[in-house]
Amino acid sequence: MITNGFSRIVTTEAELREIVGSPSELALRKDIGALDQHARAFIAQSPFLLMATASAAGRCDVSPKGDAPGFVHVLDDRHLAVPDRPGNRRVDGMRNLVENPHIGLIFMIPGREDTLRVNGRAWIVRDDDLLTRMAVQGKRPLLAVGVEVEECFLHCAKAFKRSRLWQPADWPDPSAVACMAEMLVDQTKPGLTVAEMEHHLQEGYRTRLY
């Protein structure tokens, strides 16, 4: 049987377990379901996270979020908040959260190969006191994502070791891929030159980070 171009599809958890096996006791026990002192310290030092959401229909989105370490506010052992800084206004993840509150976060610290994973339920929030505490350069975010933690656990370093993500000597040549300005000109046909698009991008970075 061929499905969407693939000929061998795993369709049940039983089949999946037969291939992959069962998790270890440690892998099961490491989910503490709350933000303990170690999780809080990790989040406080993390300048970057990935936020995964899905619509009611299952349309998925993963968005990068980043700022100075500590930009994510831990409110208590079951709640945190992520400021929504200015972006492209597509609000893909936000639109998903309106329909489906389930969310997944992966926190990263540069140079560390382990990550912190937090899964739970989320809402788009406008609490004045919270948004005021999240202000940077005198500018409050318009919104934040408030998260109620359901799962919290460390993820091992295997993916980072395999990819050698923090090993500059092993990084591929970035010039092997067209720059963002060139790709946008090719893909969107905006009537701008690559140089003009590059200037537009850089101006946005200079004036609209907050």
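The values are calculated or read from the model by the stated rules, or taken from the named source; none is laboratory data. Keep in mind that what you see is a predicted model, and the values were worked out from it rather than measured. Cβ placement follows ideal geometry from the backbone for every residue including glycine, while neighbour counts extend to all protein chains displayed. Note: areas computed on protein heavy atoms with side chains; ligands, DNA, RNA excluded. Shrake-Rupley method; radii C 1.70, N 1.55, O 1.52, S 1.80 Å.
Rolling a 1.4 Å probe across the protein heavy atoms gives the chain an accessible surface of 67 Å² per residue.
Each Lys and Arg adds +1 at its Cβ and each Asp and Glu adds -1 at its Cβ; summed about the Cα centre, the chain shows a dipole of about 180 debye. Placing 152, 179 in order of accessible area, with the largest value first and a 1.4 Å probe, yields 179, 152.
In this simple spin-label model, placing a label point 7 Å from the Cα along the Cα-to-Cβ direction at both residue 126 and residue 56 gives a separation of 2.1 nm. The candidates 210, 205, arranged from most to least accessible area with a 1.4 Å probe in the full protein assembly, appear as 205, 210.
The phi torsions of the range 128-134, fed into the Karplus equation with coefficients 6.51, -1.76 and 1.60 and a -60° offset, translate into couplings of 4, 4, 5, 5, 5, 5, 8 Hz, rounded to whole numbers, with Gly and Pro shown as x. Per-residue 3J(HN,Hα) values for the range 113-118, derived from phi via the Karplus relation 6.51 cos²θ - 1.76 cosθ + 1.60 with θ = phi - 60°, read 9, 8, 10, 10, 10, 10 Hz in sequence order (x marks Gly and Pro).
Considering only 151, 18, 198, the Gaussian network model of the chain with Cα springs below 10 Å gives its largest mean-square fluctuation to 18.
Normalised by the number of residues in the chain, what is the relative contact order in percent for Cα pairs under 8 Å and 6+ residues apart?
Numbers: 318 pairs, mean separation 40.1, N = 210.
It rounds to 19 percent for the chain.
Divide by every residue of the chain the summed helix terms, -39500 (n - 2.57) for each DSSP H run of at least 4, and state the resulting mean residue ellipticity at 222 nm, rounded to the nearest 500 deg cm²/dmol. Spell out each step's value before the answer.
Values: 8 runs with 65 residues, N = 210.
The helix-only estimate for the chain comes to -8500 deg cm²/dmol at 222 nm.
Note on residue 18 and residue 158: with the Förster distance fixed at 30 Å, the Cβ-Cβ geometry gives a FRET efficiency of about 0.85.
Taking volume of the Cα convex hull per residue in Å³ as calculated from this structure, the corresponding entry among (i) 120; (ii) 108; (iii) 189 is (iii).
Here residue 183 and residue 31 are evaluated by their C-beta separation; at R0 = 45 Å the FRET efficiency comes out at 0.70. Kirkwood analysis of the range 132-210, using all unique Cα-Cα pairs, places the hydrodynamic radius at 17.3 Å. Between the range 160-210 and the range 42-104, the alpha-carbon centres lie 22 Å apart. By the rule of a C-alpha distance below 27 Å, with chain neighbours fewer than 8 residues away ignored, the lysines paired with residue 30 are 65, 158, 161.
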